[in-house]
1. What's the exposure ranking of A:19, A:135, going from fewest to most Cβ atoms within 10 Å?
2. Considering only DSSP beta bridges where both residues belong to the protein assembly as shown, give the percentage that are antiparallel (nearest 5).
3. So which of B:14/B:44; B:59/B:96; A:96/A:134; A:30/B:134; A:75/B:92; A:59/A:96 end up more than 28 Å apart by C-alpha?
4. Shielding of B:72-80 by partners, i.e. mean partner chain Cβ atoms within 10 Å per residue?
5. Using the 10 angstrom Cβ neighbour count as an exposure proxy, how do A:82, A:73 rank, fewest first?
6. List the distances, in nm to one decimal, from the label point of residue B:3 to the label points of the same position in every other copy, shortest first, placing each label point 7 Å from Cα along the Cα-to-Cβ direction.
7. Just the number, please: Stokes-Einstein D of segment A:5-53 in µm²/s, Kirkwood Rh from C-alpha pairs, 37 °C, 0.692 mPa s.
8. Got the residue B:17 label distances to the other copies yet, label 7 Å along Cα→Cβ, in nm, shortest first?
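Every read-out reported here was derived from the displayed coordinates using simple, explicitly stated rules and does not represent laboratory data. Source: prediction; values computed, not measured. Here Cβ is always computed from backbone atoms with ideal geometry, including for glycine, and neighbour counts include all displayed protein chains.
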There are 2 protein chains.
Amino acid sequence: MNNSYNYLLEHNVKPSMQRMSIMKYLLTHKNHPTADDIYNELSKRMPTLSKTTVYNTLKILSDSKACLALTLDEKNIHYDGDTSLHGHFLCKDCNKIIDIPLNEISLLRNESSEFTVDSVEISFYGYCSNCEKKRI
Amino acid sequence: MNNSYNYLLEHNVKPSMQRMSIMKYLLTHKNHPTADDIYNELSKRMPTLSKTTVYNTLKILSDSKACLALTLDEKNIHYDGDTSLHGHFLCKDCNKIIDIPLNEISLLRNESSEFTVDSVEISFYGYCSNCEKKRI
DNA sequence: GTGCTTGCAAATCGTTTGCAATAGC
DNA sequence: GCTATTGCAAACGATTTGCAAGCAC
């Protein structure tokens, strides 16, 4: 899938070399990378890439819903090129993040799956009625 | 409710003046404070309280499930003395965090409520099968 | 007095900011 | 040329760490 160019356009993000590379990385790597992960990988092939650009781009992409910014790990923001509705499991020991299809959630809450779930956090983002008014 | 002493014992946390004050604050303030919020409030009456102690204590309390550590706001960790299963709404403009009873979730996803929901994050915490083995 | 708790100061580190250089229309 | 993008270096700020002092049993 080399269509990061079109993918960006569809999300109203003006394409550039840097933005396409970062978007392509997110679309082809489902390992929930951090800004640093992406920078380290891409700068191997793009030595002039700057970390600031990675941060800027990831902000633009997540604001445009071209990717998700996951906050479940309090240390780092992780990014996910899969914007469909699904859950995430964070292992407190190895810090790996694993995708959880939503229809498995009931299983997980019964602790009958391959994970031991300690706690759940369900977060909604948007605008409250007050701020929504101000935006119009 | 002055039973922060018993509440700590029930959660296997050895009580101390500082820990009781912080626990009491969480049990009586449902505004999802940060470590800094709690420090600023409590240090008015406990001038010798240190921010390190607030951080240490909040870590102990959340590890012991005496409170929740919310990561939905990427800037700060917010704490919640209400450990029952419920969701949270974060307004991207005013940054207020609002409790969401779980039975309202379906309403929110239809955007028929008082909030405009842009995105949802469902996070599970625990131990993956690999790490669970190592712990035993 | 032994071990846990507290608190100060300093360090850490992911992220942001200021601003000059560059690229694209 | 004008505007947006990029990139370097410096700043920021929430959280953590090292360690000495205090407290409790």
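1. Values: A:19 21, A:135 9.
Ordered by Cβ neighbours within 10 Å, fewest first: A:135, A:19.
2. The antiparallel proportion sits near 75 percent.
3. In this structure, A:96/A:134 exceed 28 Å between Cα atoms.
4. Values: counts 7, 4, 6, 1, 1, 1, 0, 0, 1.
Per residue, the average neighbour count from other chains is 2.
5. In order of increasing Cβ crowding within 10 Å: A:82, A:73.
6. 6.0
7. Values: Rh = 11.3 Å.
For these conditions, the coefficient is 292 µm²/s.
8. Nearest first, the other copies' label points are 6.3 nm away.
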